[in-house]
Amino acid sequence: MRPSDPDSHDRTAMKFTVADLLDQLSSTEWLSLVKFHKALSLSTDLEREQLDIALAALNRLALVESAPEGWRRLEPPELVAARLRCSTKGFCFALREDGEEDVYIRDHQLNHAWNGDRVLVRITREGARRRSPEGGVVCILERHASSLLAQVEEQDGRLFAVPLDDRLLTTVELIPEDGQYLAHRQEQVVEVKIDRFPVGQFAPQGHVARSLPVRGGDAADIDLLLARHHLQSLPAAPRATLRTPVEKGRDDLTGLPTLLPRGWSGPNAPILPALSLEEREGGWRLWLHAPAVAERFAVGGPLDTWLRQQAETLSAGRHWVPLLSPALAKAAAFEVGTPQAAVSVALDLDANGALEHYRFCLSQIKPDAALTVEAMAALAERKPKARTVPAALKPLKDHLPMVEQLVALTTLVRQVRQASGAIDLDLPVPPLPSLADLQVPPPDAPPEGWLVALAADHPISLLRETVLLAHRALGRHLAALQLPALFALNDAPDQGQLNEVARMAVALDIPLELGAEGHAKAADLLPLIEASDRSRALQQQLREALQPLRYGAEPGENTLAGEAEAFAPWSCASLHYGDVFNQHLLVTLLVDGKDRPTVRHKIGVEVAADSCHGAIDWALLTPSQLTPFQDSLSHGLANRLNGRCRFVQEFQDDVVSMAQARAAEPLVGQTLPGRISGVQSYGFFVEVPPSQVEGLVHVSSLKDDWYEYRSRQNQLVGRRSRRTYLLGDMVEVEIQQVDALRNQIDLVIADPTPASPPEGADDPSLLPLTPEALEQGQLALAES
């Protein structure tokens, strides 16, 4: 029977997901029910009964098995874990967590799974050329969300919530009391809590938790976005007494001139590392000092578990959703003039900016000054022999030579990185006031797999090159010592897509020489693209060929950082849990690592430096010290963090799209210049400055001629007039409609002259593509 009390579902909701349950089980060791209850924090009879029901269901699916000793996990090889992604047309694919080819899921094989759900999929048909493998959902591991944004509609006397997200191919039945929201459908949307997900023949049910205004300003838009992505009511950090970093064995670096790069200004902005620089014989010693976050709590403790669930810091422009708890961020933050604990690395570079050696240490630092955007701008404008010092530069007055050396050195480091194949694209976030801190990229390797090009003297540019070097150093170190770490992998660009971009460039008369095997290289393409008058459009196409960053338990290539061996992030613990994990491992090595086989050996090795590589044939850490890290990796930590990274990227893309759509709303009905950013058989996309909002000009709106799509030239061509619409062309468009909630912008070409149908137009194969034909074509493509 349906509960009449909207909150009654909270009393019967399971305290755990199927994923939580399976994560506690090993495939080799038995887990008793008593330990199971403790691991899942089950304290009531109802919670224990729910566990028994869940285990019985999983037993029937052959995912677990029982014995007198307890339960253990089965791992059928034909099942794969994946995240479900659906299109607005109803085509669904399971994005496999192991990185293999996506699996096409037909609608009758979804088994009530929704877009975004984490699922187990059984492969029913292997893929072939131009055809994805097919499968069906066997089990829903974890629901993406327990609420959704919707509009209330009435059908045959019953109330339903129609999701704003067209990828949710369902409606949710509402309680009669929610009829009060019918009268304001145009001014508001509602947040619907799911009381019951679909089960068997029973449809989903829910109730309206609150209404949100559609046009309530920037603050209301942030609230909408947080609600859409289920970030408005995150669990609070557990109460925990923070540890004080150990004093013994710390290097005293308080006398070393140290600068604090700052690029963000919003409240709750993440804390960042600090920089120092020393000249040495034959080169430089570049220091990175990371806030000592991991030393302040135990691995596997309540705070660590909470941070692992949060996983990432998110920015909504003027609003941050921080990873660290307020107490932890305050304890670890650097302040000018205040001594503070840090985890540091000395990076020895040659005169050309190449990394030669490195050494890690626990340290104590005292920052001397902040390195701000305003200060760097004042330095750039200052005349070389000026006697006066601008106000923005006065805090840096005694450190200006060091700042100039940092700019010159990190420029060399960037050149070395780019010479190794790394790609920086000039595709910044649009300069809209509401996007604020999102306009400043993070100082580490972003999940999308490419870096936003920054001015050489931007504070984050100086920090970024140093952070990438520090992460390369730890990756090489942990790989050489064979310790269980989280490595960040970034594969080489997709060669087929690179060749496609090269073909587009050639069609645009950009001179290009292919490699010996006839393949294009991203590093060769980029300079030619940058010199083109269609640079932005081509860089957007090149972006699609670049591979996203992903975590893995094994070392490997990171193209973005120009690293061929291993890359282990650790210095940005305020941004990513992956950095927290590796910083924990690094601190454990620095504090507990054995520098000699036995106490009888008089001379040890320096386990914190690359000089120890190849000299260690004993166990650096005890099994009990390694177990928390090994267990985390074996229980799928990397895959779960990868999923969270994708979520963060989707959220921040949504923030940008919402801001762009809001900027376009006052322009409806106006004719504006724009540039074609993509061409497809059904039309072309146009970017309209200054917000760079992108909208679709559908081919059916082109009344002046009958247009054919020529994929090789990436253009639409009028059959009578021979008029072309080509990637990068400037066009005049009228903004017809803006739907900020769905991020949809409809455009038309300004005042096209209607044309008569050309000869042979009654031949169906030559007619322009209609929306109905497009949908049929997409369906055929997905099923093929």
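Please determine whether any residue of the range 434-454 is farther than 30 Å from residue 544 by Cβ and not small (Gly, Ala, Ser).
Within the range 434-454, not a single residue is farther than 30 Å from residue 544 by Cβ and not small (Gly, Ala, Ser).
Considering every residue within the range 333-341, establish whether at least one is under 26 Å from the mean Cα position of the chain (by Cα) and open to solvent by less than 10 Å² (accessible area, probe 1.4 Å).
No: zero hits.
Under 8 Å between Cβ atoms, at least 6 apart or on separate chains: pull out the pairs that start in the range 179-193 with a residue that is closer than 11 Å to residue 212 by Cβ and end on any residue that is among the charged types (D, E, K, R) and open to solvent by 40 Å² or more (accessible area, probe 1.4 Å).
Sorted first by the residue in the range 179-193, then by its partner, the pairs are 187/215; 190/210; 191/210.
Looking only at residues that are of a type outside the set (Val, Ile, Thr) and in a strand (DSSP E or B) in the range 59-74, which one is surrounded by the fewest Cβ atoms within 10 Å (Cβ to Cβ)?
Ranking the qualifying residues of the range 59-74, first place goes to 67.
Quick test of your reading of the structure: residue 53 fulfils all but one of (1) more than 20 Å from residue 167 (Cβ to Cβ); (2) open to solvent by 60 Å² or more (accessible area, probe 1.4 Å); (3) part of a loop (DSSP other than H, G, I, E, B). Name the failing condition by number.
Only one criterion is unmet by residue 53, namely (3).
Keeping to the range 466-506, report how many residues are open to solvent by 10 Å² or more (accessible area, probe 1.4 Å), modelled with pLDDT of 95 or more and on the phi < 0 side of the Ramachandran plot.
8
What helices (runs of 4 or more DSSP H) completely inside the range 570-666 contain at least 2 residues that are among the aliphatic types (A, V, I, L, M), closer than 30 Å to residue 745 by Cβ and open to solvent by 20 Å² or more (accessible area, probe 1.4 Å)?
637-664
Yes or no: residue 402 touching a residue at least 24 places away in the same chain (Cβ under 8 Å), part of a helix (DSSP H, G or I), within 33 Å of the chain's Cα centre (by Cα) and within 19 Å of residue 276 (Cα to Cα)?
Working: touching a residue at least 24 places away in the same chain (Cβ under 8 Å): yes; part of a helix (DSSP H, G or I): yes; within 33 Å of the chain's Cα centre (by Cα): no; within 19 Å of residue 276 (Cα to Cα): yes.
Criteria not met by residue 402.
Within the range 212-232, can you find the residues that are within 15 Å of residue 164 (Cβ to Cβ), outside any loop (DSSP other than H, G, I, E, B) and open to solvent by 50 Å² or more (accessible area, probe 1.4 Å)?
Selection gives 213, 223, 228.
Using beta carbons and a limit of 6 Å, which pairs, at least six apart or on different chains, have the first residue in the range 163-177 and over 14 Å from residue 743 (Cβ atoms) and the second one buried (at least 18 other Cβ atoms within 10 Å of the Cβ) and among the polar types (S, T, N, Q)?
Pairs found: 168/115; 173/205.
Among residues belonging to the range 115-143 that are in contact (Cβ under 8 Å) with a residue 60 or more places away in the chain and touching a Phe, Trp or Tyr at 6+ places or on another chain (Cβ under 9 Å), point out the one that is nearest to residue 228 (Cα to Cα).
Of everything passing the filter in the range 115-143, 143 is nearest to residue 228 (Cα to Cα).
Considering the range 172-190 alone, what residues qualify as being of a type in the set (Val, Ile, Thr) and either surrounded by fewer than 17 Cβ atoms within 10 Å (Cβ to Cβ) or outside any loop (DSSP other than H, G, I, E, B) (or both)?
Residues satisfying the conditions are 172, 189, 190.
Filter the range 425-452 down to the residues that are surrounded by fewer than 18 Cβ atoms within 10 Å (Cβ to Cβ), without any contact (Cβ under 8 Å) to a residue 60 or more places away in the chain and outside any helix (DSSP H, G or I) and list them by number.
Once the filter is applied, which keeps residues that are surrounded by fewer than 18 Cβ atoms within 10 Å (Cβ to Cβ), without any contact (Cβ under 8 Å) to a residue 60 or more places away in the chain and outside any helix (DSSP H, G or I), the range 425-452 yields only 428.
Given the condition open to solvent by 30 Å² or more (accessible area, probe 1.4 Å), assigned to a helix (DSSP H, G or I) and either among the β-branched types (Val, Ile, Thr) or free of Cβ contacts under 8 Å to residues at least 24 places away in the same chain (or both), answer yes or no: does some residue in the range 382-390 qualify?
There is no residue in the range 382-390 that is open to solvent by 30 Å² or more (accessible area, probe 1.4 Å), assigned to a helix (DSSP H, G or I) and either among the β-branched types (Val, Ile, Thr) or free of Cβ contacts under 8 Å to residues at least 24 places away in the same chain (or both).
Could you list, in sequence order, all residues of the range 349-381 that are at pLDDT 95 or above, open to solvent by 20 Å² or more (accessible area, probe 1.4 Å), outside any loop (DSSP other than H, G, I, E, B) and of a type outside the set (A, V, I, L, M)?
350, 356, 357, 359, 364
Does residue 421 meet the test of being at positive phi and in contact (Cβ under 8 Å) with a residue 60 or more places away in the chain?
Answer is yes for this residue.
Would it be correct to say that residue 707 is open to solvent by 10 Å² or more (accessible area, probe 1.4 Å) and touching a His at 6+ places or on another chain (Cβ under 7 Å)? Let's see the steps before the verdict.
On the way: open to solvent by 10 Å² or more (accessible area, probe 1.4 Å): yes; touching a His at 6+ places or on another chain (Cβ under 7 Å): no.
No; evaluated as a whole, the condition is false for this residue.
Sort out which residues of the range 338-379 are in contact with a Lys or Arg (Cβ under 9 Å, 6 or more places away or on another chain), within 30 Å of residue 243 (Cβ to Cβ), touching a residue at least 40 places away in the same chain (Cβ under 8 Å) and not small (Gly, Ala, Ser), and write them in order of number.
339, 340, 345, 347, 358, 361, 362, 364, 371
Six or more apart or on different chains, Cβ atoms under 6 Å: show the pairs whose first residue is in the range 549-565 and under 9 Å from residue 422 (Cβ atoms) and whose second is outside any strand (DSSP E or B) and aliphatic (A, V, I, L, M).
Final answer for the pair search is 559/492; 560/422; 560/445; 561/445; 561/468; 562/422.
Restricted to the range 507-522, and to residues that are open to solvent by 60 Å² or more (accessible area, probe 1.4 Å) and without any contact (Cβ under 8 Å) to a residue 12 or more places away in the chain, which residue is farthest from residue 642 (Cα to Cα)?
Restricting to residues being open to solvent by 60 Å² or more (accessible area, probe 1.4 Å) and without any contact (Cβ under 8 Å) to a residue 12 or more places away in the chain, the top hit is 509.
What's the number of the condition residue 279 fails, among (1) closer than 30 Å to residue 650 by Cα; (2) more than 22 Å from the chain's Cα centre (by Cα)?
Tallying (1) closer than 30 Å to residue 650 by Cα; (2) more than 22 Å from the chain's Cα centre (by Cα), residue 279 fails exactly one: (1).
Are there any pairs, at least 6 apart or on different chains, whose C-beta atoms fall under 7 Å, with the first in the range 238-264 and under 26 Å from residue 592 (Cβ atoms) and the second open to solvent by 40 Å² or more (accessible area, probe 1.4 Å) and part of a loop (DSSP other than H, G, I, E, B), and if so, which?
If the second residue must be open to solvent by 40 Å² or more (accessible area, probe 1.4 Å) and part of a loop (DSSP other than H, G, I, E, B), the pairs left are 254/339; 254/366.
Being modelled with pLDDT of 90 or more and closer than 25 Å to residue 118 by Cα, is that true of even one residue in the range 172-181?
yes
Of everything in the range 18-50, what is open to solvent by 30 Å² or more (accessible area, probe 1.4 Å) and farther than 24 Å from residue 632 by Cα? Give them in sequence order.
Passing the criteria: 43, 44, 45, 46, 47, 48, 49.
The values are calculated or read from the model by the stated rules, or taken from the named source; none is laboratory data. Since this is a predicted model, take the numbers as computed values, not measurements. Glycine also receives a Cβ, built like all others from the backbone with ideal geometry; neighbour counts cover every protein chain displayed. For the accessible areas, the whole protein counts, side chains as well, though only heavy atoms, and no ligand, DNA or RNA atoms are used. Shrake-Rupley method; radii C 1.70, N 1.55, O 1.52, S 1.80 Å.
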